[in-house]
Structure formats: C-alpha cells, structure tokens
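Here is the structure we will look at, set down as structure tokens.
What follows draws every value from the coordinates through simple rules; no lab data is involved. Keep in mind that this is a model prediction, so the values were computed, not measured. For neighbour counting, all protein chains shown are included, and Cβ atoms are generated from backbone atoms with ideal geometry for every residue, glycine included.
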Amino acid sequence: MTKYYQPEIECASPEQIKAWQDERLVKQVKHVWDNVPYYRKKMEEKGVTPEDIKSTADLHKLPFLTKDDLRECYPYGLLAKPLEECVRIQSTSGTTGKRVVAFYTQHDIDLWEDCCARAITAVGGTKEDVCQVSYGYGLFTGGPGLNGGSHKVGCLTLPMSSGNTDRQLQFMTDLGATILCCTPSYAAYLGESAKEAGLTDKLKLKAGIFGAEAWTQEMRRDIEKSLGIKAYDIYGLTEISGPGVSFECEAQAGMHINEDHFIAEIINPDTGEVLPDGEKGELVFTCITKEAFPMIRYRTKDICVLNREKCACGRTHVRMAKPMGRSDDMLIIKGVNVFPSQIEAVLLEQGFPPNYQIIVDRVNNVDTFDINVEMPLEMFSDTVRDVTTKEKELVAALKAMLGIVAKVHLMAPKSIARSEGKAVRVVDKRKLF
C-alpha cells in the first residue's frame, strides 16, 4: 500500500515543519499587511506590525479573524491578490444571507488539491483506483476538492456529485469504484440502498473518505459493515480552503493537519488564551501558503484537542481529534451549515413572529430537519388551505436561504414551550459525539 503522496513533507522532522511555518508565517503576515487594508487596520489596532512577527512564537500577538469579519468584508474586503490573478471562488452559506466567498489563485488550487491527494493516498489510493466523488459540486468545496485530489493521485475519477442514488450504484458497480468520497450519512444510505437492490456482493469498494458533518464511531462501524470498507474522516472549511485541511490515516487515531500549509492553535473560547497541546478548546487556523484569501488566526468555533504524539502511520504532522462540539450555535445538517439566525431572518421577512423551534434528528443514518413555527394571531384564524399555502411559501423561502429543505409545521400562537420566558430554539436529538 502506497502510504504517502508527498513523503518528504508528510514525514518531515518536527524541526523542518517548524522552519517552514516560521518562514511562511513571516512572509504571509507581510503579504496581508501590504495587500489587505482590513488586516492592516486590525493589526494596527492591536499595536502589531510585520516586524513584530519573527516566528510562530509570535503568532499569539496577531488579532483573530471571525465570521463577523467575513460578513463585514463581503465580498472583496479580504482579497489579498488582484482579481485578475484569481481563477475560482468557492462558497458556503453565511449566517444572515451573506455567504462566505473564498477566492483561489491557480497556485492555491494546486496546493489544496495536493492536500486532498494526501488524504486519498493515506487511505490506500493509487493510480490503480477508481474514486467515486459523491460530494456536491459547484460552490460547495467537497466535490471540487476531492475531484482535484483524485486527479493528482491518478485515480480514474467519477465526478458523480450528490443524489441520484440509482445512478450512483450503477456507476459504482459497472465501473468498479474502489474509493468513495461523500458525507457519512449519504454513505450509510448508499449502503442500505445497495443491500435493498441486491448489489452488495458486486461492490469493489475498499475505502471511504467521509466528512462535512459529524458522525459517531458507531456510525463508522455501520458504514464499514454495510459497504465492506474502512471509513476515514476528513476535515476542512471553505474559509481555510475546503476538505483536506486534515485527514485520517490508516491508524484512524485523529486527523493529520497539513502543517506545511496551516498552523493550528487551541484557544480558550472565552478568553482567547492559547492552550497547551492536549487541552480541549476552540480550534484556530492560520493559512501560511494561500495567496488570494489567506485567513490569519481564523476562529473555527470547532471544539477539539491536538495530539503531537508519534503516529503509527509514520506521519509527523500534528493530529486533531474529531470536533467535539461548537462554541457557537451553528448546526451541521446533511453537511450544510445552518444558523438559527438565518431561519429567524426568513421568518421575519415572511411576516412571522420569531417564535420557532428547530428539531434535528437522525433516522436510519440520515438527518431529519423540522421547524415548528408559531403563527401570528391573524393567520391562525385563516382556513386550512391558506395555512397550507403559507407553509409551502415558508419551505421555499427557507430552502432559498439554507440550501436544504426543512419540514415546516405552523403552530398555534404561544404553543412552543418557553423556558424562563425564552423559547428553546434548537432540539438536536442526534448522538453525534
């Protein structure tokens, strides 16, 4: 089994990794200072100049970036390269309708695809493999990232995108897919569908790379059993690049962060204090090789732990645990980021009071998404037909905002339980961690 895509990098000494990070951080800070007025202003407000950053030991002096900064700077305010040097955007939903738009130069895409190629190689992928990419394509980073990584490894790539399960299974069996890339919930559904169609014995899959949503060890075992594979985790954010920021190796003992491109910190989410390795806190990333959209100390809101102990696979890059929760109110439903504030904005726009409850569950390894919404008094007296029409309009408006369909249930006024005068906004029944 070929273990490494770039062994000289993936197995570099800790001293070499630190040297790369020191040099690249200094260069990156100068890059954003010179080219992004918003960064320069934030640094000036903190009393920091590029001359103050001589190595990673000085990283803590730099200001944090958050989603609020991305909203304020939408769309071009954090762009660090001329637009004519950018060749692509990727995007994810934002909290108030403003989306996160990440820009890429060709160099950025090449490095991102290298990271995804490392992930594919880590699960045993070679040019002999057939890689079925069933993440969404388009603005979502999942499909384009793994597609590019698969090309770099030399796999025959099946750019399936998500959905159309019958076609997925047809290509999977007819073309002999050996590696599957998709969300874990869709992998579980594909396993069930293959069994129902009597195709399980025709599958040639050996490995799967699953990310974009939380999943448990129990779900991992179920997927491995139903598809006859080893199931591996992958992590990424659109703001940082996309999937491949970190990935699991054969040891399945945490995800290796590509430290030649990203510096990871764990901070106390309340104070911003940097915590030592091994302590649980909020994950922060600094991009040290990205040209067009280089995030510096970006707060991911994901809670996890870093581990620098030697890994059985031979890779020397730090590992991160599966995220153990969030320090904000974001939900990940069917691989899509959903904020209660997005739902509230739609309700107000459609003439509803902001009294609602989001109920998320996982049935047969697939997320369910229901929203109970209180009707205003005048609507409550409408006919059933009128109420049904309002429900359909609300479903359409929410889909336009979120990108996924929610089941909307219009309720009588004051029917959603209050706790100390405040509605319980989210009921998440999934056991994700």
Check your understanding: Hey, what's the Cα Rg ratio for segment 175-294 versus the globular rule of thumb, 2.2 N^0.38 Å?
Key -> 1.28
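What FRET efficiency comes out for the pair Lys98/Asp370, r = Cβ-Cβ distance, R0 = 30 Å, nearest 0.05?
0.70
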Practice item. Provide, in order from the shortest bin, the percent of all Cα-Cα pairs of segment 138-240 in each 10 Å bin, continuing until the bin that contains the maximum pair distance. Key: 15, 51, 31, 4, 0
Exercise for review: Select from the chain the helices, each a whole stretch of DSSP H, whose alpha-carbon atoms run 20 Å or more along the helix axis and whose Kyte-Doolittle mean is at least 0.0; answer none if there are none.
Suggested key: 384-402
Review point. If you add up the charges near Trp112, with Lys and Arg at +1 and Asp and Glu at -1, over every other residue whose beta carbon is less than 14 angstrom from its beta carbon, what do you get?
Key: -3
Study note, to complete from the structure: Summing +1 per Lys or Arg and -1 per Asp or Glu among the other residues with Cβ less than 13 Å from Phe369's Cβ gives +1
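For segment 289-364, how big is the tail of P(r) above 21 Å, as a whole percent of Cα pairs?
Details: 1605 of 2850 pairs.
Counting pairs separated by more than 21 Å, the tail of P(r) holds 56 percent.
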Practice item. Translational diffusion coefficient, Stokes-Einstein: compute it for segment 29-119 using the Kirkwood radius over C-alpha pairs as Rh, at 37 °C and 0.692 mPa s, and state it as an integer in µm² s⁻¹. Key: 221
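Net charge near Lys98: determine it from the other residues with C-beta under 14 Å of the C-beta of Lys98, scoring Lys and Arg +1 and Asp and Glu -1. Could the numbers behind the result be given before it?
Details: positive: Lys67, Arg71, Arg99; negative: Asp68, Asp69, Glu72, Glu239.
Residues near Lys98 contribute -1 overall.
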Review point. Which value in Å is the Kirkwood Rh of segment 237-284 over different Cα pairs?
Key: 12.1
Review point. How big is segment 332-428 by Rg and Dmax over its Cα atoms, in Å?
Key: 13.2, 39
Review point. How much length is gained if the chain between Asp328 and Tyr76 is pulled fully straight, taking 0.36 nm per residue apart and subtracting their Cα-Cα distance, in nm to one decimal?
Key: 88.2 nm
Revision key, fill the gap. Label model pair Asp110, Asp382: point-to-point distance (7 angstrom along the Cα→beta-carbon line) in nm is 5.7
Exercise for review: Show that you can apply the helix-only estimate: for the chain, add -39,500 (n - 2.57) for every DSSP H stretch of four or more residues, divide by all residues, and state [θ] at 222 nm to the nearest 500.
Suggested key: -10000 deg cm²/dmol
Point to revise | Which of Ser13, Ile53, Ile179, positive extreme of dipole for the chain (C-beta unit charges) | key: Ile179
**Study point:** Total charge dipole magnitude, the chain, about the Cα centre, Cβ charges on Lys, Arg, Asp, Glu only, Debye to nearest 20
**Key:** 520
Exercise for review: Output the lone cysteines of the chain: those with no second cysteine's C-beta under 4.7 Å from their C-beta.
Suggested key: Cys11, Cys73, Cys86, Cys115, Cys116, Cys181, Cys182, Cys287, Cys304, Cys311
**Study point:** Rg ratio (alpha-carbon, reference 2.2 N^0.38 Å) - segment 77-156
**Key:** 1.23
